[in-house]
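To start, the structure under review is shown below, and the notes come after it.
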Amino acid sequence: AQSVTQLGSHVSVSEGALVLLRCNYSSSVPPYLFWYVQYPNQGLQLLLKYTTGATLVKGINGFEAEFKKSETSFHLTKPSAHMSDAAEYFCAVSSSGGANNLFFGTGTRLTVIP
Amino acid sequence: DGGITQSPKYLFRKEGQNVTLSCEQNLNHDAMYWYRQDPGQGLRLIYYSQIVNDFQKGDIAEGYSVSREKKESFPLTVTSAQKNPTAFYLCASSMASDAGELFFGEGSRLTVL
């Protein structure tokens, strides 16, 4: 069985500061991991994904995430926050890459302070 | 432009009424999904379909029904049996059921009065 825990339902950072959104997963098999972003009253958009290979994954809008098997983590980072990064971010895990067994975390709302 | 179109964006209904949410995609994707989103609970899978004329229950299918008569269309009916239907509903599609990359519509917000 898979599950995802996102630490911190709300995170606030100053514009230009480092963004760090935490995600820990549980999976009995090698996981496929995803980060999605949701702007207010909109659907979700894929930021980045890890399937196999390089553990540091780069995504859109300057975000990246690192798969750390020993820590069962897939934290999302961005060196410098921009006002447009304010949104809700969801971490998700799948055991096979299949969307029909994709489990989402409860989300982290990011606020960027000018 | 290719994408997923959900309608209506906002919907108000009285208790006891069935409502149908529309989802259309022109991405030529095989698989389509319906999720429900509630504050603080993330997304939960209601139904999914990997191919025309076939669909499977997700984690919270009770009180919902779907059909997949065309590849492009996957409407969701929220029936009067759904105990707490007020929520934000998201439709998504993917190239195949084994692809975790989902493409989402903009959602439909249903409020039951």
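The values are calculated or read from the model by the stated rules, or taken from the named source; none is laboratory data. Keep in mind it's a predicted model, so treat the numbers as computed, not measured. No Cβ is skipped: glycine too gets one built from the backbone with ideal geometry, and neighbour counts run over all protein chains shown. Just so you know, the surface numbers come from the protein's heavy atoms only, side chains and all, with ligands and any DNA or RNA stripped out. Shrake-Rupley method; radii C 1.70, N 1.55, O 1.52, S 1.80 Å.
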Worksheet item: Can you name the residue in the range B:3-19 that is farther than 19 Å from B:S67 by Cβ and within 14 Å of chain A (Cβ to nearest Cβ) and is also most open to solvent (accessible area, probe 1.4 Å) among such residues?
Response: B:Y10
Discussion item. Can you tell me which residue is farthest from the other protein chains (Cβ to nearest Cβ) among those in the range B:73-98 that are out of contact with any His (no Cβ under 7 Å at 6 or more places or on another chain), in contact (Cβ under 8 Å) with a residue 60 or more places away in the chain and open to solvent by 30 Å² or more (accessible area, probe 1.4 Å)?
Written reply: B:S80
Worksheet, complete the sentence: When (1) open to solvent by less than 70 Å² (accessible area, probe 1.4 Å); (2) more than 10 Å from chain A (Cβ to nearest Cβ) are applied to B:Q37, the one that fails is (2)
Worksheet entry | Criterion violated by A:F63 - all others in (1) of a type in the set (A, V, I, L, M, F, W, C); (2) crowded, with 17+ Cβ neighbours inside 10 Å; (3) within 14 Å of chain B (Cβ to nearest Cβ) satisfied | (3)
Worksheet item: With (1) modelled with pLDDT of 90 or more; (2) under 24 Å from A:E88 (Cβ atoms); (3) among the polar types (S, T, N, Q) as the list, and B:Q41 as the residue in question, which single condition is left unmet?
Response: (1)
Worksheet item: Taking B:L90, is it under 18 Å from A:N100 (Cα atoms) and at pLDDT 95 or above?
Response: yes
Practice prompt. Can you give me the number of residues within the range B:53-72 that are open to solvent by 20 Å² or more (accessible area, probe 1.4 Å) and away from chain A (no Cβ under 14 Å)?
Written response: 8
Practice prompt. Go through (1) under 15 Å from the mean Cα position of the chain (by Cα); (2) within 14 Å of chain A (Cβ to nearest Cβ); (3) closer than 30 Å to A:K49 by Cα and name the single condition B:S22 misses.
Written response: (2)
Item to complete: Name the single residue, out of those in the range A:40-57 being open to solvent by less than 60 Å² (accessible area, probe 1.4 Å) and within 12 Å of chain B (Cβ to nearest Cβ), that is farthest from B:F88 (Cα to Cα).
Response: A:T51
